[in-house]
1. Between A and B, buried accessible area summed over both sides at probe 1.4 Å, in Å² to the nearest 100?
2. Just list whichever of A:LYS22/A:LYS80; A:LYS17/A:LYS81; B:LYS17/B:LYS91; A:LYS17/A:LYS91 have alpha carbons separated by over 19 Å in the model shown.
3. Distances over 20 Å make up what percent of all Cα-Cα pairs in segment B:3-91?
4. Please average, across the residues of A:45-55, the number of beta carbons from any other chain that are within 10 Å of each residue's own beta carbon, and give a whole number.
5. Net charge around B:LYS80, counting only other residues with Cβ within less than 13 Å of its Cβ (Lys, Arg = +1; Asp, Glu = -1)?
6. What are the label-to-label distances in nm, one decimal and shortest first, from A:ASN7 to the same spot in the other copies, with labels 7 Å along Cα to Cβ?
7. Put a dot 7 Å past each Cα toward the Cβ at A:GLU68 and B:VAL45; how far apart are the dots in nm?
8. Measuring label to label, 7 Å along Cα→Cβ, what does A:HIS86 give against each other copy in nm, shortest first?
Number of protein chains: 2
Amino acid sequence: MPDVTINHCEKAHALLKADADKILRLIEVQIENLTMPQCPVYEDVLDTQMFGLSREIDFAVRLNLITEEEGRNLLENLEKKLNILHEASQKSL
Amino acid sequence: MPDVTINHCEKAHALLKADADKILRLIEVQIENLTMPQCPVYEDVLDTQMFGLSREIDFAVRLNLITEEEGRNLLENLEKKLNILHEASQKSL
């Protein structure tokens, strides 16, 4: 039943996307609640979350559940969105 | 081909075990090179590595590649070994 394998791949993609979205929402909430993006706690939270996600992605790549390129794209995509959020919050200050 | 699925499970177990062993070796090297276990850098490295591994384990559990209990055992096992290493290094000071 190759279905199960496809499910592992699909599920890995879905989980990683959900985790990336969770980081984005976390940062959105932090910005909405006016925690300064310059605040060290904000940087710490973001660094920790990004590190955690990168470890998950690396693990999925090593399991051949996603390709290296997909993993890289996922992180780059998240970073782009975070930058947009960050810039928007700077302008509204 | 259910083989592929079994391989994902087996590979997940092997990767997680290898990652746990890597942390153990890293700490061994740090202790052998006389970096004090009380040193903040030592604590930081350990915390970061343990966090990374716990994220990988959590991801594998969510993918149903390992059970929650297996994941817990893996972390507890590593912590036990790290404690033994730590205690041995204290005695030899």
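1. Interface between A and B: roughly 2200 Å².
2. Numbers: A:LYS22/A:LYS80 15 Å; A:LYS17/A:LYS81 13 Å; B:LYS17/B:LYS91 28 Å; A:LYS17/A:LYS91 28 Å.
Beyond 19 Å: B:LYS17/B:LYS91; A:LYS17/A:LYS91.
3. Numbers: 1496 of 3916 pairs.
In whole percent, the share of Cα-Cα pairs in segment B:3-91 beyond 20 Å is 38.
4. Numbers: counts 0, 0, 0, 3, 1, 0, 4, 7, 2, 2, 10.
Taking the mean over all residues of the peptide, I get 3.
5. Numbers: positive: B:ARG72, B:LYS81; negative: B:GLU76, B:GLU79, B:GLU87.
Surrounding charge for B:LYS80 is -1.
6. Spacings between copies for this position, smallest first, are 1.9 nm.
7. Here the modelled spin labels are 2.6 nm apart.
8. 3.4
The values are calculated or read from the model by the stated rules, or taken from the named source; none is laboratory data. If you're wondering where the values come from, they're calculated on a predicted model, not measured in any experiment. Positions of Cβ are backbone-derived with ideal geometry, glycine not excepted, and every protein chain shown enters the neighbour counts. Accessible surface is based on the protein model in full, side chains and every heavy atom, while ligands, DNA and RNA are left aside. Shrake-Rupley method; radii C 1.70, N 1.55, O 1.52, S 1.80 Å.
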